[in-house]
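Reviewing the structure listed below.
The values are calculated or read from the model by the stated rules, or taken from the named source; none is laboratory data. In this text, all values refer to a predicted model and were calculated from it rather than measured experimentally. So basically every Cβ, Gly included, is an ideal-geometry build from the backbone, and we count neighbours across all protein chains shown. Ligands, DNA and RNA are excluded from the accessible area calculation, which covers all protein heavy atoms including side chains. Shrake-Rupley method; radii C 1.70, N 1.55, O 1.52, S 1.80 Å.
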Amino acid sequence: MSPITTVLVVGATGSIGRHVVAEALTADYTARALVRDPARASLPAGVEVVVGDVTRPETLAAAVSGVDAIVFTLGSNGQGSRGAETVDYGGVRNVLEALGDARPRIALMTSIGVTYREGSYNRSTQSADWKRRSERLVRASGLPYTIVRPGWFDYHSPDQQRIVMLQGDTRHTGSPADGVIARRQIARVLVAALASPAAECKTLELVAESGVEQVNLEPVFAALHVDPAGSLDGVRDAANQPLEDEPDRVRKDLARW
Ligand SMILES: NC(=O)c1ccc[n+]([C@@H]2O[C@H](COP(=O)([O-])OP(=O)(O)OC[C@H]3O[C@@H](n4cnc5c(N)ncnc54)[C@H](OP(=O)(O)O)[C@@H]3O)[C@@H](O)[C@H]2O)c1
């Protein structure tokens, strides 16, 4: 793995992205933030702020120039199926396309339950379907990646500090019963994954359970299975979103890689 100097955070002003920026600075990386409105960004001193909008590909060249790693924590919250397609999915596609031949390490945040299509929220917004499609673009890109599917943000109790990584995405209640995790811990895992060979080409659900937070995440990453080479889905994911049933525009995007 090449050493990492500059980390681009896409979604840097969000509730997770701000923690990612802080973790990146703590790790002594140069943190670069893609923001739509610098006047509202309010990021720590030392962060490189680059203006861009993921739905406008022509605004992304400066953000991706020279980056060694990218953390995606985008959210189209409240924008329905259109936002899910244009931001959660299209934003990832547009940033990956802006990279050209560059090969940064990728950490993509999606969501626990991303493969469960029958939930009422997904039925009304296709939010999970579009996030899963963004995962597929990352896998198809051939870039080294880690995909992190967190449980419910900040619903943990004080004793739930032990980081647990799951695979197969089998928790489908659509409530905190599926798992909980601190925002800070999500950011820690996303940033730790960037420099971890053990996290490469892995997809995981991320929750916290009773116990003490691990000092070293390497054994936790190492215990996971790698996604099968050439597969669009994570290891053990349900085969319930067949490529042949996907919209033409999605298949065309995938075919470009
Ligand atoms: N809440 C939970 O328990 C939970 C659990 C698992 C997964 N999730 C997922 O986590 C995501 C939310 O994360 P969060 O709380 O960090 O989100 P958030 O606070 O709403 O932040 C979203 C980020 O995306 C950026 N963004 C949106 N549209 C953009 C665009 N067109 N171009 C560039 N940046 C854009 C926003 O920038 P601006 O500042 O410019 O708006 C902001 O930085 C959701 O997608 C949700 O499904 C949530």
| note | Heavy-atom accessible area of TYR155, protein chains in place, probe 1.4 angstrom, given in Å² to nearest 10, is 130
| said: Name the residue from VAL95, SER111, THR203 whose Cα lies farthest towards the positive end of the charge dipole of the chain, charges +1 on Cβ of Lys and Arg and -1 on Cβ of Asp and Glu. | reply: VAL95
| Within segment 50-68, backbone nitrogen closer than 16 Å to the virtual label 7 Å beyond the Cα of ALA27 toward Cβ | 67-68
| request: Could you give the size of the charge dipole of the chain about its Cα centre, using +1 on the Cβ of each K and R and -1 on the Cβ of each D and E, expressed in debye and rounded to the nearest 20? | output: 300
| query | Hey, if we sort SER141, SER42 by accessible area with the 1.4 Å probe, largest down, what's the order? | reply | SER42, SER141
| Simple label model, 7 Å out from Cα along Cβ direction - ALA39 to SER210, nm | 5.1
| To two decimal places, what compactness ratio does the chain give when its Cα radius of gyration is scaled by 2.2 N^0.38 Å? | 0.93
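Nearest 20 debye, what's the magnitude of the dipole of segment 38-156 about its Cα centre given +1 on Lys and Arg Cβ and -1 on Asp and Glu Cβ?
Computed charge dipole of segment 38-156: roughly 360 debye.
Taking 0.36 nm per residue of separation and subtracting the Cα-Cα distance, what length does fully extending HIS172 through HIS225 add?
Numbers: separation 53, 0.36 × 53 = 19.08 nm, distance 2.12 nm.
Length difference between fully extended and current span is 17.0 nm.
Gain in length, ARG82 to ARG251, computed as 0.36 nm per residue apart minus the alpha-carbon separation, to one decimal in nm?
Numbers: separation 169, 0.36 × 169 = 60.84 nm, distance 1.80 nm.
So the extension gain works out to 59.0 nm.
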